[in-house]
Amino acid sequence: MRSSCPADAHHVVCIGASSVLSITPRTSRGTDDRSKHMRIGILGTGAMATALGAAWVRAGHDVRVGGRDTEAASRTARRTGASGHGSLAEAAAHGEVVLTAVPADAAPQLATELAHLLAGRTLIDCTVPMAPGADGPALTTGGGATSVARLIADAAPGADVVKAFGVCHESIWTLDRPAFEGAPLAVPFCTDQPGAATRVAELIASMGCTPLPCGGLGRASLLEATAVFAVGVWWSGAEARFAFPAPALAPGAVDD
């Protein structure tokens, strides 16, 4: 399906991430430069699809929503302001960006079904593999032995998979240019593909956020585990952010 897109087009499909790279996004929401808008196809019609889709529309991107239920896709398109809706295959073929926003256990099979369309594209995975456990939410990927992003990459080997956007609750993506304590939200992502890393960094920057490259796809399981941990903390009534303060010098210590 790559041949149907312009040679210089960005192909992004939400599902995975790459190695730690030095990235300078070419597009910044801070300058309101929307000349490099992307075409984004969203696979799914739920809360994450709606929140991220609307955020990308606000950032000036061309969004198309796809679902197995086209009526649900139509409703999600109206809620997000997307330019169109249709089947999952139509969303995957839409162009530069495609987000997989379906239940984690269904994502690899969906990637298998659409592998011929996803080849050559950047595929972003925002799923969180989580189920209730005896001590709270638990990973469903064998304790983190693998990741949904890796399973998706195996199912669609021609796609450039990126793990991103899954750490935050979907409500965060309803905020315009989310910032906390005076700083833009940092969005961690993992991928093995430098080109995909650059494109996802541009997408994150267009939302007014800060790209945070966190390594190759082998580290996607860490992002998934972090999301499950955070959900457990929130469900307990606490704040996950209070567990991750910046390092501080001990009293009397000298900063070398």
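The values are calculated or read from the model by the stated rules, or taken from the named source; none is laboratory data. Here the structure is a predicted model, which is why all the values come from computation and not from measurement. For accessibility, only protein heavy atoms count, side chains too; no ligands or nucleic acids. Shrake-Rupley method; radii C 1.70, N 1.55, O 1.52, S 1.80 Å.
Points to keep in mind about this one:
- Fraction of accessible area attributable to carbon and sulfur, the range 104-212 (%, probe 1.4 Å): 56 percent
- Rounded to whole Hz, the Karplus (6.51, -1.76, 1.60) HN-Hα couplings of the range 141-156, x for glycine and proline: 10, x, x, x, 5, 9, 9, 4, 4, 5, 5, 5, 4, 5, 6, 10
- Gyration tensor (alpha-carbon) shape descriptor, the range 76-203, a/c threshold 1.5: rounded
- Taking 0.36 nm per residue of separation and subtracting the current Cα-Cα distance, fully stretching the chain between R68 and R241 would add 58.6 nm.
- The range 43-115: relative contact order in percent, alpha carbon pairs under 8 Å with at least 6 residues between: 34 percent
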